[in-house]
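Following: one structure in structure tokens, then a few remarks.
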Amino acid sequence: MYKILFATSEAHPLIKTGGLGDVAGILPIELARLGLEAGIILPAYPACKTHLKNLKEVARLRLPAALEPVRILKGQLPEGPNPVWLVDSPAHFDRPGNPYLNEQGQDWPDNAARFTTFCRAVATLANSPEFDWQPDLIHCNDWQTGLIPPFLAPLRSRPATLFTIHNLAYQGVFSRQQFDALELPSAWWSPAALEFYNQISFIKGGLVFADWLTTVSPTYAKEILTPEFGCGLDGVLRGRSKRLTGILNGADYQRWDPRHDPFIEKRYDQTCWSHKASNKLALQRRYGLPEDDTLPVLGFVGRLVEQKGIDLILGALPKLLAEKIQVVFLGEGEERHQNALQQLASRYPNQIGVSISYDERLAHGVQAGADIFLMPSRFEPCGLTQLYALRYGTVPIARRTGGLSDTIVDATEKNLRQELATGFTFTESSPSALLTAIQRALACYAQSRQWRRLALTGMAQNFSWQTSAKAYFDLYQQLVSQEFSCKNNVL
Ligand code: ADP
Ligand code: GLC
């Protein structure tokens with residue numbers, strides 16, 4: 001059987017800042033269920049070292065531009081059979097907090113060096129005779145792994161490479177000066193390689209040199225070929241569109257299902273739907289809001305950044321608050337959004353609850369306790385929170401984009417009649433379009449039988465990982481059985 005090495009900068013439960021952590025925490029486990037040997041490699045952040053017991057040093061690598069040798073530690077996923085390797089370079093990864101940001105929420109100033117070391121270590125290890133687990137394919141994820149394909153591309157005998165775009169908006173772009181300090185091949189500084197408007201782009205390394213590209217939904221796979229969603233890279237992607245596929249993420253129903261969620265007040269399923277009300281009361285208590293299970297509660301869980309359309313919600317709130325509703329927020333991100341939310345919460349203490357934090361337990365509490373899940377994203381490569389919301393009978397209101405288009409069926413009259421509807425979608429990126437969608441939802445909420453039917457249809461949807469893992473399995477199979485030569489003669 002093939003060996004697949006999954007290179008990622010986060011994986012639940014070791015370390016997580018967003019959806020990539022969820023994906024990397026479950027996809028390798030599902031791949032192992034399909035019979036593949038699927039290992040994971042990630043940087044040795046302190047949290048990873050704490051979670052993984054009995055770590056053993058299996059290799060020591062001397063890398064260019066690094067003063068100390070890098071240690072490779074081996075452990076095993078706590079909840080799966082998968083081996084995990086950590087790239088231990090204390091100068092780069094042994095620091096508190098977020099993998100990408102310092103305590104002030106700014107990018108770590110040495111991110112270029114940190115993730116160059118990570119990529120160099122993965123590429124070196126994969127070809128090192130010292131390593132007794134030679135992968136047939138390296139599955140790279142997002143810009144933090146973007147240098148792995150160009151490091152490997154020129155080698156005669158090497159693993160195949162797959163690069164998955166989870167979010168094209170985060171590109172890992174750094175200055176010429178940083179490029180020079182990293183001692184990377186000078187040929188990389190070319191528009192046909194990693195140069196990007198006089199800077200170096202890590203994600204471009206993956207996009208240009210990986211043997212195959214995927215992204216996390218079929219709609220986003222099409223959107224990123226256009227200037228509107230291409231973030232300046234749509235031309236590069238159009239050039240590779242024959243080797244780009246969209247594979248929809250799944251939801252990990254072991255962790256995200258109200259039938260057995262240990263984090264929620266009261267468990268429920270379609271047959272005891274009324275238990276959801278206890279979760280609503282618990283949520284209202286948690287946020288210090290008046291407890292009233294007849295009020296519609298709208299919830300938001302996500303990064304407080306423009307992508308998620310948080311400003312659209314802020315724009316719609318003044319008019320929305322005229323309605324008898326409550327809105328709860330869980331998120332952290334840009335300071336201006338955090339401040340705006342906190343101000344609103346103090347002005348409307350009976351209607352708005354805000355938690356500026358990263359709180360895994362509360363994320364489950366919002367999914368279980370809210371009636372409506374707000375996700376007005378400007379763009380959304382896949383989105384996992386709407387999948388969780390569906391399973392919790394929390395009806396999503398979302399913009400019709402990316403993975404949201406692929407997973408939510410709008411509650412038009414016809415779709416409602418045919419019991420296909422699962423949420424409310426809208427097109428224009430504006431507070432008023434969002435407001436209209438929310439008002440449609442509130443009108444439906446007032447008709448409790450119809451609402452219940454809508455929520456139960458959502459709960460019955462199945463976005464399990466099995467289907468997505470099988471699609472990756474088939475793609476790996478195709479890639480490892482092909483001979484890839486480096487077509488791009490830049491390197
Ligand atoms: P993205 O990866 O763009 O942030 P996704 O919807 O794919 O969006 O995944 C977000 C993941 O991060 C979900 O598991 C969600 O519950 C979680 N999450 C986001 N913000 C928070 C937060 N403040 N506290 C806890 N979990 C969060
Ligand atoms: C990214 C995207 C999100 C996607 C996640 C996992 O963070 O923003 O839409 O669900 O990656 O693929």
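How much of the accessible area of the chain, in percent, comes from carbon and sulfur atoms when a 1.4 Å probe is used?
Whole-percent figure for carbon plus sulfur exposure: 50.
Glu335 to Arg238: FRET efficiency via 1/(1 + (r/R0)^6), r the Cβ-Cβ distance, R0 30 Å, to the nearest 0.05?
0.25
Would you mind pulling out the separation of the Cα centroids of the stretch 113-136 and the stretch 27-84, in Å?
Computed from Cα coordinates, the inter-centre distance equals 11 Å.
Keeping all protein chains in place and using 1.4 angstrom, which order do Lys308, Lys414 fall into by accessible surface area, from largest down?
Solvent-accessible surface, decreasing: Lys414, Lys308.
Contour minus end-to-end for Ala91 and Lys470, with contour as 0.36 nm per residue of separation and end-to-end as the Cα-Cα distance?
In short, 132.6 nm is gained.
At 1.4 Å probe size, put Leu281, Leu330 in order of accessible surface, largest to smallest.
Leu281, Leu330
From largest to smallest, what semi-axes in whole angstrom does the stretch 152-235 give when each is the square root of 5 times an eigenvalue of its alpha carbon gyration tensor?
23, 18, 10
Sorting His92, His139 by accessible area (1.4 Å probe), largest first, what list results?
His92, His139
Using only the alpha-carbon atoms, what does the stretch 270-462 span along each of its principal axes? Please give whole angstrom values in decreasing order.
For the stretch 270-462, the Cα spread along each principal axis is 43, 33, 31 Å.
Under a 1.4 Å probe, what is the accessible area of the chain per residue, stated in Å²?
Result: 40 Å² of accessible area for each residue.
Determine the relative contact order of the chain: mean sequence separation of Cα pairs under 8 Å and six or more apart, normalised by residue count, in whole percent.
13
Obtain the nm distance between the two label points defined at Lys222 and Asp107 by a simple spin-label model: each point lies 7 Å from its Cα along the Cα-to-C-beta direction.
3.2
What is the sum of charges, Lys and Arg at +1 and Asp and Glu at -1, for the other residues whose Cβ falls under 15 Å from the Cβ of Pro376?
Charge balance in the 15 Å sphere: +2.
Checking the a/c ratio against 1.5 first, then a/b against b/c, what shape does the Cα gyration tensor give for the stretch 368-447?
rounded
I'd like the distance separating the alpha-carbon centroids of the stretch 364-395 and the stretch 441-477, in whole Å.
11
May I ask for the net charge around Leu281, where only other residues with Cβ less than 9 Å from the Cβ of Leu281 are counted and Lys, Arg are +1 while Asp, Glu are -1?
Net charge in that neighbourhood comes out at -2.
The values are calculated or read from the model by the stated rules, or taken from the named source; none is laboratory data. Keep in mind the model is a prediction, meaning the values are calculated, not measured. Positions of Cβ are backbone-derived with ideal geometry, glycine not excepted, and every protein chain shown enters the neighbour counts. Accessible surface is based on the protein model in full, side chains and every heavy atom, while ligands, DNA and RNA are left aside. Shrake-Rupley method; radii C 1.70, N 1.55, O 1.52, S 1.80 Å.
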